[in-house]
Structure formats: C-alpha cells, structure tokens
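The values are calculated or read from the model by the stated rules, or taken from the named source; none is laboratory data. Keep in mind it's a predicted model, so treat the numbers as computed, not measured. Cβ atoms come from the backbone with ideal geometry, glycine included; neighbour counts cover every protein chain shown.
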Amino acid sequence: MLLAERARADRLTQIIKELQRHRFGRRAETLPIDQLELGLEDVQQVEAAEAAQVEKTDPERRAATTARRRTNRGSLPAHLPRFEVMVDIESKACPCCAGDLHRIGKDVSERLDIIPALVRVLVTRRPKYACRACEEGVVQAPAPARLIEAGSRRRRPSPT
C-alpha cells in the first residue's frame, strides 16, 4: 500500500510539473500577432513617408500611382441586380425666363448597397436640363446624400 501511495504521489507531482510548464513555459511567453504588428508600425510609417516624398518630387511616378488607384473605379460586376433611382428637378421651367427646359444629358453613378444576404448596385440617374430660349445655364437636381462622402477628408483641429 505504501508503494502504491508513493507511485500515485509521484504521478500527481509529474502532472503538476507538466501543467506548470505548459502555463509558465516558453510557449506562454510568446507575443500575440497584434503585439508583433505594433513593432512594425513605425517601420511602415517611415516607408510610407519616404514613398510620399518620392511621389512629391517625381510627377511621372505620381501619375502612375494615381492611375493604378483608379483602375477599377466605376466598373461593378454586371451580374449584380441593378436598382435604379431617378432624381429629377421639381420644376421644368427655366428659373430665368420661365421657358421650357429640355434634357441635355445626365449623370449616372453606381455604388454598392449591401443588405444582409442581398447585394445590389444602386444606379442614380440625374437628368440635366437647359433652356433653349435663354441658354443661360444648366439645371439639375442635387445628388442624394451618401453615407460616406467619397474623397472628403476633413482635418480635425489639433487640441493644442
């Protein structure tokens, strides 16, 4: 009985040592991936600043970078269903001379509209009108507001 009790105690001691090694061992001291990426953030910022400086001095490289960014703008996949919205002006009378306005063109914009389990393309058509009598200007309904304004980056004032 004494030998069996000592064997059991040795076995339990071994299990405790393995658990401690697992919890406090080398594997427990490894950094999570988020912590490792924090160390690379400074390097990425310096690299981006250098690239911006090179683009600033070389107009050809700036044009190439801009063209690369704009390569796929406006071409949404054709297989997605289209949901068209017509945004028109309230009155088709010329604001100057009250003559009839005629359509001279339109602006068409497409953007993705994601509804859970549904992805569709919103097509907004805004006809342009002009007066044949006075040929003063072009009248068009204002574009509907977007959730995120494209290209408008406001700078916040510094707290100092």
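Looking at segment 12-23, I want the residues that are among the aromatic types (Phe, Trp, Tyr) and have a partner that is surrounded by 10 or more Cβ atoms within 10 Å (Cβ to Cβ) and part of a helix (DSSP H, G or I) with Cβ atoms under 6 Å, at least 6 apart or on another chain. Which pairs are those? Close Cβ pairs satisfying both conditions: none exist.
Note on segment 133-160: residues that are touching a Cys at 6+ places or on another chain (Cβ under 9 Å) and modelled with pLDDT under 85 total 4. Just one residue in the set Ala9, Ala4 is loosely packed, with under 10 Cβ neighbours inside 10 Å and at pLDDT 90 or above; that residue is Ala4.
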